[in-house]
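> Once you've had a glance at the structure underneath, I'll fire off some questions.
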Amino acid sequence: MDARFYIEILEKHLQDEINSMFGNNWRLQQDNDHKHTSHRAKKFLKENVAEVINLPSNSPDLNPIENLLKETQNYECQVSWLNYNIS
């Protein structure tokens, strides 16, 4: 995905869905991926989004899915080790 495609997605969903559901009472949260920080995307966001929350890119502390994945992998490792010792 590049900045142009990212903006196309925002254009489609901001006008039709998000604004109709929340009016002006919402914020856009994104990381610092290149498509989010391009000049084209910044210009679009400045003109169309009231507030943008930029998070550090690839921050595991702010990504609950990454934390869940890590816990799942730890659990799977423990279970396989237990099964190996029981056999």
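> Counting C-alpha atoms alone, how compact is segment 1-55: give Rg to one decimal and Dmax as a whole number, in angstrom.
Rg and Dmax of segment 1-55, Cα atoms, are 10.7, 28 Å.
> Quick one: which residues, 5+ away or cross-chain, put their amide H under 5 Å from the amide H of Leu55? H built at 1.01 Å from N.
Result for Leu55 returns Gln30, Asp31, Asn32.
> In nanometres, what is the gap between the two model label sites at Lys43 and Arg27, each 7 Å from Cα along Cα-to-Cβ?
If labels sit at Lys43 and Arg27, their model points lie 2.7 nm apart.
Rule-based calculations on the coordinates, nothing more; no lab input. These numbers come from a predicted model, not from an experiment. Using ideal geometry, Cβ is built from the backbone for each residue, glycine included, and neighbour counts are taken over all protein chains shown.
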